[in-house]
Structure formats: structure tokens, C-alpha cells
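Heads up: the structure comes next, in C-alpha cells.
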Amino acid sequence: MTGEVNYSDLIPNNIDLGADRRLKRALESWHPKFMHWWKTYGPDEYQDKEVYLRTAVSVDKAGWAQFGHVKMPDYRWGIFLADNTQQDKRIGFGDHKGEKVWQDVPGEFRGPLRRLIVTQGDTEPASVEQQRILAATAPSLVDMRNLFQVNVEEARHLWAMVYLLMAHFGRDGREEAEDLLKRRSGDADKPRILGAFNEATPDWLSFFMFTYFTDRDGKYQLASLAESAFDPLARTCQFMLTEEAHHMYVGETGVARVIQKACEIMREHRTDDVRHYGAIDLPTLQKYVNFHFSVSTDLFGAEQSTNAANYFTQGLKGRYQESRIDDDHQLKDQPYRVIQFDAGQLVEREVAALTSINERLRDDYIADCQRGVDRWNKIIAEAGIDFVLTLPHRAFHRQIGIFSDLHVTPSGALIDAERWARECHQWLPGPSDHEYVKSLMQQVTEPGKFASWIAPPRLGINNQPLDFAYLKLAH
Amino acid sequence: MQAVSSESSSLVHEPTPVGALDFTRDPDHYHHWQLRLDGAVAWLGLRVAEHATIGEGYELKLNSYDLGVDIELHDAVQRLRFEHPEVGCVVIHSLHERVFCAGANIKMLGRATHAHKVNFCKFTNETRNGIENASACSGQTYLCAVKGSCAGGGYELALACDEIILADDGASSVSLPELPLLAVLPGTGGLTRLVDKRRVRRDRADFFCTIEEGLRGERAVSWGLVDSIAPASRFDGAVAQRARELGDDTRRPLAGSGVHLPPIARRFSADSVHYDHLDVLIDRDNGHATFVIKGPQVALPENSESIVAAGTRFWPLAVMRDLDDAILHLRFNETSVGSWIFKTLGDPELVLAADALLARHAEHWFVREVLLFTERVLKRLDVSARSLIAALEPGSCFAGTLFELALACDQSYMLLGQFEDDETPPAAVALSEHNFGRYRMVNGISRLEARFLDDAQTLQVLATRQGDLLAAQDAEQAGLVTFIPDDIDWHDELRIVLEARAGFSPDALSGMEANLRFPGPETMESKIFSRLSAWQNWIFQRPNAVGDKGALVLYGSGERAQFHKQRV
């Protein structure tokens, strides 16, 4: 006999879980399934080791980042909504603009809201699955710890979405919550919903690129859901954003350290042949940028979207930082400029802003991606090296939307299929690139040591030194 | 009467006049469907060409369809029955990567006139009924392989198939989102087939029709929305295997060649359309058209081999192909011509002989197809929103199969005696065994049964008179015609009924006729045309769907529909 689980202790939360009988009952059934999933499809091999993890135990400054060694299965996945800071909070956009935000799901939007939450929720366990074998090739203990931190927090994001499904969507919500554990990244029969989340994350360069580019899509999706008229969703997503920022930081600094290492070798040995010294050359990095950027831009969906327009009008999903945009927040008869393909050319056109919501979010995303790329380029410039990383044209290598039928070079030139087939591996990582990167992936677990292809970070985690035992590997 | 031309055609195929819809299609030049034949299995794959629309101002995204897509489907279904008797199973599947079919294109519907919407729905319904008819009667079973989202009209197409296999990949779903999304109905048989055909419990059907996203996986099976599911990795194999099983179980010949359907010979002029076996003469001033159908001109082939060899020149098939084309042409392209007058020309004995020949070979696959096709053409006539008037004159051949035309009409006028100064013998009508159940109406009974509803005695008496040539008085007495004016009254009587008809509200007439034509029982088909279509056509007129703020009009703009809350 196992005793009754005290969920309020087990699951840090600010939703008064202890008093919510219905939610408790739903979680009692889901929790063991989640644990089974985590142990089977979560990080491979290191589940019994103590990892120096940050746990959120409340949403205030003191509570959201508590550090300590913990075995991952004992991690306290919590349920948090951002504090309600506004009295009399009002809907900020769409047909219901100015009305009180909703604390319950309106019946007529139950379907679309559930779909939005499920689609977001599905990405969280997906990335854990994608990254489950990476620890075996971690370039350092601190990187391995960062990987696990990202993993447990993605799993916490799953909890956040599952909470919304269980608390607000009845039986359908409970079934969807179970399905989130049944789909599997890359599985032929039960794939994850979005394409990018079925791609393999085979190596650490891909992991850093993924957390920089693909998790940034997550940031923009969460930010626009944080505008939702459905307040529990808005506040849940607001809190998730604080954690998402850390994931992107892992990505940005990871790539920066790879660049740093390449630049150091180039400067020290006065050579472009950094591969000779066991590091990753800048042209290869550019190819990885091209790949991960293009796959991630697909996640924003079709350029013209009725669904996105409906979500906006209905108040379900806003734009990025909606309240800071200077317009009527309803977008009736307003124009927006987009790039289209017309008569054999890529041209800029004015179309209805309302049906261009996806494209607008993609624009914001691309601008944000560029800022990090600029910081990377600063490292290269400071090393006195004449090389500039660039984001490819948005029409490059797309699978979704109007560009998916076209072949476009990273600089935005239209080419035919034959030339594409011939030259695409100048722009995208080819088998030999993957093979080379793979050959570098050797696990380094000695505290304070780093693999040949990556520079150490400037700081340790939570002001700990670099040779701190971020994982306790000895038994 | 004048001598008529010989069997060989002097006409060639002519396209419809500019701006008019044409139902002629060539499978080598389909835009949207790909037909692949593999022994007993035919694969009918849908990949809608976005820009190949028949109207302006919309693109056919996500395998959505307009009338042009459905005309090709209709053509393919028809060809499979006649040209490919070896096919025992037809698999409808999608060649689009992510979507099975998103249903009728909403932008197209939003822009369409009411008349086009109604005609479009009617035609698509007829095509789906034809698919079911092929499964039920031709041994050509339709299997639907659904991978990706299958919404609205897409699911209605699946519902018309005998079996549905759904990919169980967490994403593929079936849905009828019309009500929540567009404020209209799944009007191409969707609601009816859900409960009447698939026996989905009505409370579950109600729930299913109010959720946009539909259902997938196990629940879709357990609710009866699909027959089976297969994991994505085994989906193609499961479909192929089931197709082979269904293909083997066929009442059709395993080998042998089919009958090619060439384009129909016809010629258009300003006020007429001429076919080998039919002339349509249009009187625009008075708003009516006269169909003159010609009986067999020469002796028909006697054995099944020569019948197949005659192919589309075989009169029973040829005359029905002409009639079918004319009905569709007038329905879509001559909407202001409100009354259709039916006349025939020829020897009633030859029509009876043709019927007898068909009856003798009714089990032969080709003859069976001819009979089934005739049944469908007559059904098309039944559900046409036109006043139908039969004029039975001397020289006519309203016998057996052709008498069905008179029975289909709202009123029939038979000349008593002869016209003055005309030697042509008086008109006679005759019944054949085909009038007693061979050609069922959409409500499942024959036109005679509908005419003499629950009157077995009359039907028995009529059955004993098969083959008799009945003159006007006998025909009237037997209840087979409405009026028998003599030559003094004839022209006035006909003029008055046509003028009266032209003066009435066309809407009220369509409604009245559609109600009176189908007494007796209901079937799934009749419910689709009566209940479902009638409600749909009402909703299509209402502001909640088509007003400035109606859901159909605003769909795709991102703006939200505003509904009048009053329940009517």
C-alpha cells in the first residue's frame, strides 16, 4: 500500500492545488504516467545522479530560482501562474477588447483554445525526447547540467500545459494530456505535431542551435499566448517565458563558445583550417544556422492564415507585446507588408494585417534572431577575423507556406530544382559535415574540463566556479 | 412524321458556348484527380491544382474543391463503371502531403450566387449517390483512405464510400465543422449519412457536428465515424490489402475490355442544342424548353457481344447520355428557362423491343450499367428544379423506359386523336417491365408506385397490361396521363399551363414540385435532397450565413460573424 500522495508538497504550485479535488484526481492518474515517460524517454543514463538544478518553488524573485543538487526524477515539477499584477485586467485585442479577461474557457472557444494549448504542450516533451541521448557526448559537466536543466524545465512546461488542459477542458482535456505522453518525437506512427520537433538533435551543435532558434519560436508563441483573453493561459505562459529565456541563453552562449574556440584557433595558428585542431569552422556553423533558422521559421505557419486571424479576433492569441503596438488592436481593414512570390519574383505586397498575424510574429522573431547573430559576429570581429554569420533569406529551405514550392538561395535568389540539388550542401549541412561534427562529440566529465571544440563559459552556474561538481557522478 | 436520320452520327462534339459550364472531361487531362489502375483495384488520387478553378477570386488550397473538381470526380466514377469492368474496388485517397480534403472551398461558396450554390450542392450530391450506387449495384466498392485532415465535404466524400480507413497518427482526423465554423450544414449528405448510413448515434452525431476539430483514432472507430484505423507506418499496406480483398469480391468480369465513353456529339445554336437522339429547343421569351427525344431508329443488336461492340452507339445508352448532358447544361447554363416540355419521336414498339432486350441481358455487366445509368439520369430529372410537362403527341414513343419521362413529369398532356390535316396515327403509350421497379426514384420506389401510392390493386392491373399500346382515353382511364385534350383544345391547354407556370414564383414552384414528386417512403437519398438540401438552401439565404456579417461571407477574413439570435 502506498500512502496518499500529498500533491501540494510534491508539486510546488500557486494554484491552491490542495483544495482542488477535481484537479487533484486528474493529476493522480496522470502523474505516474508522466514519471514513466520521464524515466523511459527522458535523459538517458543519468537519472540516478545528483544534478545541480534550479527549481522554481514560487513565482517571486526569491522562489523562482532555488539551486541545489537533486536527482532528476525527484525534481519538483511545479505549476505556476504569473502573479496577477493587474486589478480589473482587461482583454487587449480582438472583438472582445476592453472586456474583462476570462477566468473560464468560453464554450464557443473551447475547441480552438484546446488546440492551441495542445500544440504548444506537445513541443515540450518533444524536445526532451529529441535530446535524450546528448548527455553521452556532453562537452563538459556544466554543459551536461545545462542540458538537464533545459530538460526538466521543458517537462515543467508540459506540466503547465497539462494543468490548463485538466483544469479547464474536462474529459477531452484529460485525454489530450495523456496523448501528450503517447506521441513521440520522430515516431513514424505517433509523431509529434510539429515538423521541427520530429527532427533529430544528433549532436551538441544542433542542441545549441535548437535552443537558440527553435526555443526562440517557443518564446514568441508563448509571448503571444501570454496576451490571451483566457487569463489562466496568459499567466501560465508569462511564467514559462522566464524559463524559456534561460534555454535561449544556453543556445546563444553555446554557439558563442563554439565561435570563440574557432576564432582562438584561427588567431593563434593563423589558419582557417580549424578542423585540423578539432574545432568547428565558421562556414560549417553558417550551414547549421541556415538549417535551424529555416526549420524554425516554418513553425510560425502559413503567411496568410485564417486560423491565426480567427484566434486574434476571438482574443485567444495576440501579437508579440500586443500592448506596446500602436494601433487599434483589432486590425479591421489594416494593411501589412509581406513578401510574396509573384510572376517568378519575390516581391513585397500589402495584404490584410488580420490574416498576416503569423507573418508578423515571424518578422518579430527574425529581428530577434538577428540580434544574437550580431553578438556572435562581434566575437568574430573582435578576434580580427573577416567573416560574418548571416541569417538566410526567409524563403530559403522552407517546407511550409508560399515558399515551400520554391528553391531559394540563402541570399534570396530563385533557382531551379536542378541547381538546388547540386548546390544545397553549400548552404545546408551535408553528410560529411554531420560526420565531422559527430566525430568531435566525445564526452568530457572531469570538472572544469572542456571538449576541444568549445570554449569554457565565462561564468559558472549560480556563481559557482567552473570546476564545481555540477553533477555528482561518483556513487 | 418526318423521316429521321440513321443511327450513324452526323454530329461531332462541340464545347459549350463561351461562359457556359461544360461537363465534358477527358481523363488524360484531369487537373485534380489522378486515376491509376492496378488490376482489380483503381486508385483515384486527389491533388487539387490550386489555380485550376472554374470561377474567379479563390484558390483551391488544402485539397479543397469547387464544381470543377467534382465534375472530374463524376467523370472518373462514370468511366470506371463503363470503361473498367475489371475494377472491383476504387480507392479514394489524397496525393496531398498533409491533407486528405478540406471540403468545398469556402471562398468560392462565399462568393457564389445562391443559384450556383444550390446547383453545386445538387450535383455533388448526385455524384456521391452515384458512388454509393456503384458500391451497391455494380460490384465496384469504394474504399476511402484518409490520411491527414478530412473536413467537411472531404469527410462527406469519405462517407459516400463503403468503407473508411483512417490513419492513426495522432493528426489525421475526420470532422464536420460546417456549423461551428461557417454557420451552414454539412449539406452534401453529411448529416444524413452520419446517422442513416453509418448509424452513428444521434447524440454523438450532434456532438461531433458541433466541434470544429472532429475526432481521430480509436474514438473515431468506436463512434462509427470510420471503419478502421491503421498506424501511419502500416497505413499504405493496410489500405492496399483491404483494396485487394474488396477488389476480388466482385460481380464484375475479371477480364475483358470495357466500353469507352467518348465526348458526346452535340451542336449548340443560340436557342437550341442538338444531339444524336435529342433536340432541345429553347423558347426564351416564354421561359420554356422542349426536349424531343428520339426512339431507336434501327434494329438493336441481339446478343451481348454485339451490344458491347455497339458501346456508346447502343441506343439505350446513347439516348440517356444525351439526356444527361442536356439536363446538366440547362440546369447550370439556362437557369431562367423554368419549364421543360418532354416529347418523344419514334416507334413505341421499338422502345418496347429495346426494353425486352435489356431485360434479357440484365445480368450482363454492360447492360446492367446501362440500366443503372438510366436510373440515375431519371433521378437527375426528378430532382431538377424545373416544371416538367409531358406532351404526348402522335408520332411519339412514350413506351417502357421512355414512358418513365412522362411519369417523371409534374403533369402530362396526351392528344386525344390526331391533329387536323396530319395522317400520323394517334399517340399511344405502353408499359414494360421496366416501369415496375427497374428505375427507382430517390425514395426507393418506382414512379408508378409513387403515382399509385399504396394502391397495389391498380398496380396489379397495370402489370397485366404490359406491352399493350394504350390510346389516350385508355391511358387517362388507367391514370397514366393527366389530361387528354383533343386537337381543338391542345395548343391552348398547353399554352395556358406553360404561361401559368411562367407567371408563378419560381421558388414556390420548385418547392411545391419537390414536395409532390416524392410521395411515400423516405430513403437516405431522398432525405438528402429533401430535408438536408432544403434546410441548407434556407440557411444559404439567411443573414447568419450570407449577410454582411454572416459566417460564410466573413470566413477567411479573420473577422467574426455576428448572428441574429432569434430562433426561427
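Points worth noting:
- Looking at the range B:27-248, the DSSP beta bridges with both ends there are about 20 percent antiparallel.
- Dipole-positive endmost among B:S530, B:L402, A:T119 within the protein assembly as shown (Cβ charges, Cα centre): A:T119
- Longest exposed-site-free window of chain A, the sites being trypsin sites (Lys or Arg not before Pro) in a DSSP loop that have at most 10 other C-beta atoms within 10 Å: A:62-269
- Helix-only arithmetic for the protein assembly as shown: the sum of -39500 (n - 2.57) across DSSP H runs with n ≥ 4, divided by the residue total, places the mean residue ellipticity at 222 nm at -13000 deg cm²/dmol.
- Close amide H pairs (under 5 Å, H built 1.01 Å from N) link B:S446 with B:M441, residues at least 5 positions away or on another chain.
- Cα-centred dipole magnitude for the protein assembly as shown, charges only on beta-carbon of K, R (+1) and D, E (-1), debye, nearest 20: 3940 debye
- Cα gyration tensor shape of chain A, rounded if a/c is under 1.5, else prolate or oblate by comparing a/b with b/c: oblate
- Cα gyration tensor, the range B:268-516 - rounded (a/c under 1.5), prolate or oblate: rounded
- Measuring r between the beta carbons of A:D9 and A:Q321 and using R0 = 41 Å, the FRET efficiency lands at 0.65.
- Looking at the range A:1-92, the GluC sites (Glu not before Pro) that sit in a DSSP loop and have at most 13 other Cβ atoms within 10 Å of their own Cβ are A:E4, A:E45.
- Taking the Cα centre of the range B:159-200 as reference, the dipole from Cβ charges on Lys and Arg (+1) and Asp and Glu (-1) amounts to some 220 debye.
- Residues of the range B:325-356 with amide N under 12 Å of a point placed 7 Å along Cα→Cβ from B:T113: B:332-337
- Once you reduce the range B:114-177 and the range A:179-206 to the center of their Cα atoms, the two points are 32 Å from each other.
- Put a dot 7 Å past the Cα of A:A245, heading toward its Cβ, do the same for A:L473, and the two dots end up 3.3 nm apart.
- Projecting the Cα atoms of A:I415, B:A299, B:L378 onto the charge dipole of the protein assembly as shown, computed from C-beta unit charges around the Cα centre, puts A:I415 farthest toward the positive end.
- Summing Lys and Arg as +1 and Asp and Glu as -1 over all other residues whose Cβ lies under 10 Å from the Cβ of A:V295 gives a net charge of -2.
- The range B:330-436: equivalent-ellipsoid semi-axes (sqrt of 5 x gyration tensor eigenvalues, Cα, Å): 24, 22, 10
- Each of A:Y163, A:Y277, B:Y555 was scored by other Cβ atoms within 10 Å of its Cβ. Arranged with the fewest first, they read A:Y277, B:Y555, A:Y163.
- Surrounding net charge for B:L378, when Lys and Arg each add one and Asp and Glu each subtract one, Cβ distance under 11 Å: +2
- Shape category assigned to the range A:319-473 from the gyration tensor of Cα positions, a/c cut at 1.5: oblate
- By the count of other C-beta atoms within 10 Å, a proxy for reagent exposure, B:V184, A:V351, B:V298 are ordered fewest to most as B:V298, A:V351, B:V184.
- Counted charge near B:R331, where neighbours are those whose Cβ lies closer than 10 Å (Asp, Glu -1; Lys, Arg +1): +2
- Measuring between alpha carbons in the structure, the pairs from B:K61/B:K117; B:K527/B:K549; A:K33/A:K190; A:K438/B:K147; A:K71/A:K190 lying more than 24 angstrom apart are B:K527/B:K549; A:K438/B:K147; A:K71/A:K190.
- Size of charge dipole - chain B - debye, nearest 20, with Cβ of Lys, Arg +1 and Asp, Glu -1, no other charges: 2600 debye
- Sequence of B:C144, B:C121, B:C161 once ranked by neighbouring C-beta atoms within 10 Å, starting from the fewest: B:C161, B:C121, B:C144
- Taking a point 7 Å from the Cα of A:I133 along the Cα-to-Cβ direction, the residues of the range A:36-53 with backbone N closer than 14 Å to it are A:41-45.
- Listed residues B:T424, A:A455, A:A160: farthest to the positive end of the dipole of the protein assembly as shown (Cβ charges): A:A455
- Taken along the Cα-to-beta-carbon direction at a fixed 7 Å, the label points for A:K438 and A:A65 span 3.8 nm.
Values quoted throughout were computed directly from the atomic coordinates according to the rules given, and no laboratory measurement underlies them. From a predicted model like this one, the values you see are computed outputs, not experimental measurements. Every residue, glycine as well, gets a Cβ built from its backbone with ideal geometry; the counts of neighbours run over all protein chains shown.
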